[in-house]
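A quick write-up on the structure given underneath.
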Amino acid sequence: MGRRTGFLGMLAAAAGMLLLGTVDSASAEDKKEQKVQPGDELLGKWWFPKRNGQMEIARKGDVYSGTVISYEKPDALDDNNPDPNLRTRKFVGVEMLAGFKYNADKQQYLDGTIYDGDSGKTYSGYLWFDKDQPDKLNGRGYVGLSLFGRTEVFRSEEHTSELQSPCNLV
C-alpha cells in the first residue's frame, strides 16, 4: 500500500504521534501550574472537622485555597454571612480557605484566612501538618494574636476511607 496523503494521511500521522506521546497539547502555563511544589501535600479533598462536608484545596501559582465541594445539606445557604448579599448563595462553592502561602522554613501555610460557615466570620489563619500525620491538616483561626485562636483538624479523604461520614454528601 502506498504512502497516505491528504487529510486522512495527516490525521493518521497526528493520531500516531498522540499515541506515541510526541505531541504535547499542554501550554507552558498549564505545565507551570502542574509542576509539583514543596507544600503540595495540602492539595486534595478534606473532611470538615465535624465530617458534615468536604472542601477541596487547590493551588494557583503559589497560593492555596479551599472550596466547599459537598455538605450534608446540599441546598444550605451561607445564611450566617455578615454580608446580606451573600446570605442567599449556596454554601457548596464557598471559599473556606484563602490566600495561604507555604513557608518551607516553618513548614506551615501562612498569611491566609479561614471562613467559618457556622458563625459567618472570617479569621486570620495558618495551616500545618504534625510530623508523620499527613492525613490530618491542622488549621488555626484567630483574631489579632494566634494565642487567642482555635485549632480545628481536617482529615484527608484519601486517608480516611474508614471515616465515612454519616451524612449523605453530594
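A few comments on the model shown:
- Its Cα centre serving as origin, region 57-153 has a Cβ charge dipole (Lys and Arg +1, Asp and Glu -1) of approximately 160 debye.
- Tensor-based shape of region 51-170 (alpha-carbon gyration tensor, a/c under 1.5 rounded, otherwise prolate or oblate): oblate
Taken together, the values in this text are just the output of simple stated rules run on the coordinates, not laboratory data. Note that the structure is a prediction, hence the values are computed from the model and not measured. When we count neighbours, we look across all protein chains shown, and the Cβ atoms used for this are built from the backbone with ideal geometry, even at glycine.
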